[in-house]
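The values are calculated or read from the model by the stated rules, or taken from the named source; none is laboratory data. Keep in mind it's a predicted model, so treat the numbers as computed, not measured. We place every Cβ from the backbone using ideal geometry, glycine too, and count neighbours over all the protein chains shown. Each accessible area value is taken on the protein alone, full model and side chains, heavy atoms only, with ligands, DNA and RNA left out. Shrake-Rupley method; radii C 1.70, N 1.55, O 1.52, S 1.80 Å.
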Amino acid sequence: MNNLLHNSQTKYAGWVTRFAPSPTGFLHLGHVASALYGWQKAQPHGEWFVRLEDIDTQRCKPEFIPAILQDLEWLGLRSARPVLRQSANMPAYQATLARLDTMGVLYPCFCTRSDILRESAAIFSAPHTAPDGSLCYPGTCRHLSDQERQERISQGQLHMLRLNMSKALQWINQCTRGAPLTYQDQERGTVLCHPELFGDVVLARKDIPASYHLCVTHDDAAQGVTLVTRGEDLRPATDLHRVLQALMGWNVPDYSFHPLLCNAEGRRLAKRDGALAVRAMRKAGLSAEDVRCKAGFPHTFER
Ligand code: GLU
C-alpha cells in the first residue's frame with residue numbers, strides 16, 4: 001500500500017514545508033521561530049509556503065490575516081504559493097468525511113462536555129486523558145442504533161462526528177497485514193504510533209463541520225507537504241494523523257518537531273505576551289534581523 005511509504009529527501013529537490021498559523025492574534029516570536037524552522041528546512045532547493053488554519057470562526061479574526069502576512073514579509077518570509085485559507089476549503093473536508101463514512105469508521109455523537117465527564121466518572125475511576133491532554137471519549141454514542149441516530153438527527157439534535165478508532169485500526173490492520181503505524185522523525189528516526197490511546201476523536205465539531213486533525217492532515221497531503229515541521233506540543237497528534245493518512249491512502253510526510261519558545265517565566269510564549277508581537281518589536285525599533293535573532297535564527301538569510 002503506497003500510503004505506508006515514507007518520503008525520502010532523495011525523491012525531491014528539497015523538502016516542501018509549510019507554516020500554518022491560526023489567525024487568532026498578531027504574529028509573535030513563537031510563530032517566528034516556527035516559521036523560520038520550516039523555512040530553513042526547505043533551503044536551498046525546496047519550497048516553503050503559508051496556510052491559514054482558520055476554521056474556528058470564534059477564535060480566528062480576519063483582520064489578523066493581512067497583519068500576519070505583512071509581518072512575515074517584513075521578516076523576509078514570503079509564501080511560495082498563494083495562501084490557502086482552510087475556511088474556504090470546507091468542501092474538501094466534507095468529501096473526506098463522506099469517504100470515511102462509506103468506510104463505516106464514523107459515527108454521530110450527541111454528547112455535551114458534561115455528559116462526557118459524567119459518563120467517564122461512572123466508567124473509570126479517574127477521567128482518561130489522551131497523550132495530547134484531551135479528554136478520552138467514553139464511547140457512549142458508539143453504541144446507539146442506526147434508528148436512534150436518525151431520530152435524534154431528525155429532531156435537530158446537534159452532533160459531532162467521531163472516528164471509531166477500533167474499527168479504523170482494524171481496517172488499517174487488514175490492509176497492512178498487521179504492520180504497525182510509524183512515521184519518520186528527522187531527529188528521532190522511526191517512531192511507533194499509539195493512536196489507540198486517543199480513543200474516538202472528533203473529526204467534525206458541532207459548531208464547525210470539520211476539526212483541526214481532519215483539516216491539517218488533509219491539507220498537508222493535498223498540498224504535497226513532504227516534511228511537516230511543527231512545535232513539540234503537536235507531536236502526540238501525529239499518531240492520529242497517521243491513522244487518517246492510512247485510511248485515506250494519503251502520502252506520509254516526514255516530520256520534524258521544534259522546541260517551543262518560552263517567556264521570562266518559563267511558560268510557552270502566547271498571544272498574551274503582547275510585547276513579543278512582531279509589530280510591537282518593530283515599533284520599538286528592532287530590525288527584522290534583530291527579531292530573527294531573538295527567535296533563535298541569526299544570519300538566516302546569509303548564504
Ligand atoms: N495551526 C497549528 C497551530 O497554530 C499548526 C499546524 C500544525 O502543524 O499542525 O498551532
**OP:** Mind listing the long-range amide H neighbours of THR129? Cut-off is under 5 Å, sequence gap 5 or more, other chains count too, H placed in the peptide plane at 1.01 Å from N.
**Re:** CYS136
Original post:
Among 255-264, 225-234, 50-59, what's the highest-first ranking by average C-beta atoms within 10 angstrom per residue?
Top reply: 225-234, 50-59, 255-264
Subject >> Fully extended contour minus Cα-Cα distance, from PHE301 to ALA284, at 0.36 nm per residue >> reply: 3.9 nm
**OP:** Apply 1/(1 + (r/R0)^6) to the Cβ-Cβ distance of ARG152 and GLN223, taking R0 = 25 Å, and write down the FRET efficiency to the nearest 0.05.
**Re:** 0.10
Original post:
Averaged per residue, what accessible area in Å² does the chain show with a 1.4 Å probe, protein chains only?
Top reply: 48 Å²
Original post:
Of GLN157, LEU144, PRO180, whose Cα points farthest to the positive end of the dipole of segment 136-220 (charges on the beta-carbon: +1 Lys, Arg; -1 Asp, Glu; origin at the Cα centre)?
Top reply: LEU144
Original post:
Rounded to the nearest 500, what is the chain's calculated 222 nm mean residue ellipticity when only DSSP H runs of at least 4 contribute -39500 (n - 2.57) each, over all residues?
Top reply: -10500 deg cm²/dmol
Original post:
Using heavy-atom solvent-accessible surface (probe 1.4 Å) with all chains present, what is the largest-first order of LEU158, LEU286, LEU214?
Top reply: LEU158, LEU286, LEU214
Original post:
aspartates and glutamates within cross-link reach of LYS294: Cα-Cα under 16 Å, excluding same-chain residues under 8 positions apart?
Top reply: ASP71, ASP273
Original post:
Looking only at THR102, THR140, THR17, which one moves most when the chain is put into a Gaussian network model with springs between Cα atoms under 10 Å?
Top reply: THR102
Original post:
Using 7 Å Cα-to-Cβ label points, what is the ARG81/LEU192 separation (nm, one decimal)?
Top reply: 3.4 nm
Subject >> Difference of contour (0.36 nm per residue) and Cα-Cα distance, ASP207 to ALA95 >> reply: 38.5 nm
Original post:
With a ≥ b ≥ c the root eigenvalues of the C-alpha gyration tensor of segment 96-201, is it rounded (a/c under 1.5), prolate (a/b larger than b/c) or oblate?
Top reply: oblate
Subject >> Order of exposure, largest accessible area first, which applies to TYR212, TYR183, TYR37 with probe 1.4 Å >> reply: TYR212, TYR37, TYR183
Original post:
In terms of solvent-accessible area of protein heavy atoms at a 1.4 angstrom probe, what is the ranking of SER154, SER166, highest value first?
Top reply: SER154, SER166
**OP:** If a/c stays under 1.5 just call it rounded; otherwise compare a/b with b/c (prolate if a/b is bigger, oblate if not). Do that for the chain, with a ≥ b ≥ c from the square roots of the Cα gyration tensor eigenvalues.
**Re:** prolate
Subject >> Per-peptide average of other Cβ atoms within 10 Å, ordering 248-254, 108-114 highest first >> reply: 248-254, 108-114
Original post:
Given R₀ = 30 Å, FRET efficiency for THR57-GLU265 by Cβ-Cβ distance, to 0.05?
Top reply: 0.45
Original post:
Restricting to the chain, what percent of DSSP beta bridges are antiparallel, rounded to 5?
Top reply: 50 percent
Original post:
Roughly how many percent of the accessible protein surface of the chain is carbon and sulfur, given a 1.4 Å probe and a whole-percent answer?
Top reply: 53 percent
